[in-house]
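A.B. asks: So that we are looking at the same thing, I have put the structure below in structure tokens.
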Amino acid sequence: MARTMATTSDAAMRKKTPLHVSIFLIHDTSLAAMKFRLPSLFASFAAGALAVAGFAPLSWWPLAILSLAALFALAARADGWRAGFKLGFAYGLGLFLVGVSWIYVSLSVYGGMAPWLAALAVLLFAAYLALWPALAAALVAGTRGVATWRLVVFAPAAWVLTEWARGWVFTGFPWLGLGYPQVAGPLGGFAPLLGTYGVSWLAALVAGLLAWGSGARHRRVAQVAAAVVLVAGAALRAVAWTTPAGAPTTVALLQGNVPQDMKWLPEKTRETLELYLRLARQARARLIVLPETALPLFERQLPHAVREEFAAIGRANGGDVLIGLPTGDVAADYYNSVLSLGASASQRYHKVHLVPFGEYIPLKPLFGWILEVLHIPLSDFTRGAPGQPPLAVGGQKVAADICYEDTFGEEIVRPLPEATALVNVSNLAWFGDTLAPWQHLQMSQMRALETGRMMLRATNTGATAIVDRDGRLISQLPLFETGILRGEMQGYAGATPYARWGNAPVLALLFALAGVAAWATRR
């Protein structure tokens, strides 16, 4: 009888043509209702756009959950999977048009693409990314039966599985994952256990509970369940998953603030070399880190005197200097690399996960013409070998990664538990004064949380920062200023559950939940 009543109630909700969605916020013992009476597609688009405020720099983490709750409620009332697909596509278009609008700057301002063509490229890219939320909403709308199974079990699992697929199809674009705002929220406490996708699932679960509890019948149960999940995450923040290893190391992160449109000009090369030598001399730290491709010439072109001076600076401080620069030969294979010079034997790391159309051209016979449109220097790098060991520098074993690589948590954990700290070198000057540097910093904070390791970020124009193992921002340089960020880095030993097992347990759980929920709703 109860199952019949729930199904009938769910069917009645679907018949509402004007959007009347109520999302309930937990605040002490009361509820504050937010009601939308707008055309469904416009409301879904607006919810997606507003979700961006949940990410850095605003980091209003509840808004990311509430916007997804609105989408779930809309999809549950949609008339079949086609209507759900449209709602999800509108949501995704709002999310990605606003959230990754910074791609326009890299294409038009620095890539030399005509403004109209760059705008079209951003629109098409956002439309592709929007297909994944569209698929999730279509699955929710197309699944009949009891609302509890659909909204609390199936919808969160479907959302995160499509988010995960977006993170690896065509080499992946995991930007704006639902888990990242939780770096500033209570659910971030689950990151060392479950990783970003596990945090995304719990955030989506809270969203599903809010959508399910939008009616008076389930309101109190939904409130309590959502509160339990949030409180559990906050409690896990107090758990120390790793232990200190050795004495802290003094570090200095150099931010050269070299304009992107001048970075590769031959007449500016000497000026750039002198800039970083001057900053390195002033740094006085055991580990000095330069940004990605800080030195705009190949390693074999680096003047011997400059190389020796960097090495001498490292030795004088009893440590090493990490330098970002291209290695190899432009006429053959060349790499986006990090090179160490100083007291330790010289070592290097070659970037493994390259950016399509930015660092290499996939299917070159088909897309090689793009090289003629985008005036991007060194846009055909060779991929480094997977499984490169940590760099033994500055008294620590550092797992280096370059720019875009630290958006992939399952790849960052590969050098663990041997690595005692994480270092990311980046050049985000390509994206100007946009959301990109802040969003990228937030991802680095999540990598620190997942691994129980400190993260050092050395960037050309920002955000250069030192992040503690709990994802907390210790210190940061202002964007678009030349400077040195000094601090201490504590190495850590041990492995978090996520570093040990990666995404496999969460993905197995999500597939199981989706399957069981699909079966239950059919029953």
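A.B. asks: As a test of reading the structure, rank Val355, Val100, Val224 by solvent-accessible area (1.4 Å probe, protein chains only), most first.
C.D. replies: Working: Val355 40, Val100 0, Val224 85 Å².
Correct descending sequence by accessible area is Val224, Val355, Val100.
A.B. asks: Against the longest principal axis of the chain, how steep is helix 81-99, in degrees 0 to 90 to the nearest 10, with axes from Cα atoms?
C.D. replies: In the chain, helix 81-99 runs at an angle near 30 degrees to the longest axis.
A.B. asks: Further question: What number, rounded to the nearest 500 deg cm²/dmol, is the helix-based mean residue ellipticity at 222 nm of the chain, given -39500 (n - 2.57) per DSSP H run of at least four residues and division by all its residues?
C.D. replies: So the calculated ellipticity at 222 nm is -13500 deg cm²/dmol.
A.B. asks: Could you work out the relative contact order of region 423-464, using alpha carbon pairs under 8 angstrom and six or more residues apart, expressed as a whole percent?
C.D. replies: Numbers: 42 pairs, mean separation 24.8, N = 42.
Relative CO of region 423-464 lands at 59 percent.
A.B. asks: Then there's this: Relative to the longest principal axis of the C-alpha atoms of the chain, give the angle of the C-alpha long axis of helix 504-522, reported between 0 and 90° and rounded to the nearest 10°.
C.D. replies: Long axis of 504-522 versus the principal axis of the chain: about 20 degrees.
A.B. asks: Here's something else I'd like to know. Expressed as a whole percentage, what fraction of the accessible surface of the chain belongs to carbon and sulfur atoms when a 1.4 Å probe is rolled over the protein heavy atoms?
C.D. replies: Values: 13470 of 20780 Å².
That fraction is 65 percent.
A.B. asks: Also: Regarding region 472-523, what is the average projected area of its C-alpha convex hull, in nm²? The partial results should precede the final answer.
C.D. replies: Working: hull surface 29.4 nm².
Value for region 472-523: 7.4 nm².
A.B. asks: Just to be sure I understand: of the beta bridges DSSP finds with both ends in the chain, what percent are antiparallel, rounded to 5? Working shown, then result.
C.D. replies: Working: 37 of 54 bridges.
Roughly 70 percent of the DSSP beta bridges within the chain come out antiparallel.
A.B. asks: For Ala234 and Trp116, compute 0.36 nm times the residue count separating them, minus their Cα-Cα distance, and round to one decimal in nm.
C.D. replies: Details: separation 118, 0.36 × 118 = 42.48 nm, distance 4.62 nm.
Stretched out fully, the Ala234 to Trp116 stretch lengthens by 37.9 nm.
A.B. asks: Continuing with the same structure: Starting from the 7 Å offset along Cα-to-Cβ, what nm value, one decimal, do you get for the label separation of Trp60 and Ala165?
C.D. replies: Inter-label distance under the simple model: 3.1 nm.
A.B. asks: On a 0 to 90° scale, report how tilted helix 61-77 is relative to the longest principal axis of the chain, with both axes built from alpha carbons and the result rounded to the nearest 10.
C.D. replies: For helix 61-77, the angle is close to 40 degrees.
A.B. asks: Let me ask something else. State the label only: which of (1) 83, 51, 34; (2) 75, 73, 46; (3) 72, 55, 54 corresponds to Cα extents along the principal axes in Å computed from the shown model?
C.D. replies: Correct label, based on the coordinates given: (1).
A.B. asks: Could you give the Stokes-Einstein D for region 412-507 in µm² per second, using the C-alpha Kirkwood radius, 37 °C, 0.692 mPa s?
C.D. replies: Values: Rh = 13.9 Å.
After rounding, the answer is 236 µm²/s.
A.B. asks: Diagonalise the Cα gyration tensor of region 182-291 and give the resulting equivalent ellipsoid semi-axes, square root of 5 times each eigenvalue, largest first, whole Å.
C.D. replies: Equivalent ellipsoid of region 182-291: 48, 21, 9 Å, largest first.
The values are calculated or read from the model by the stated rules, or taken from the named source; none is laboratory data. Note that the structure is a prediction, hence the values are computed from the model and not measured. All Cβ positions, even for glycine, are placed from backbone atoms using ideal geometry, and neighbour counts span all protein chains on display. Side chains included, ligands, DNA and RNA excluded: accessible areas come from the protein's heavy atoms. Shrake-Rupley method; radii C 1.70, N 1.55, O 1.52, S 1.80 Å.
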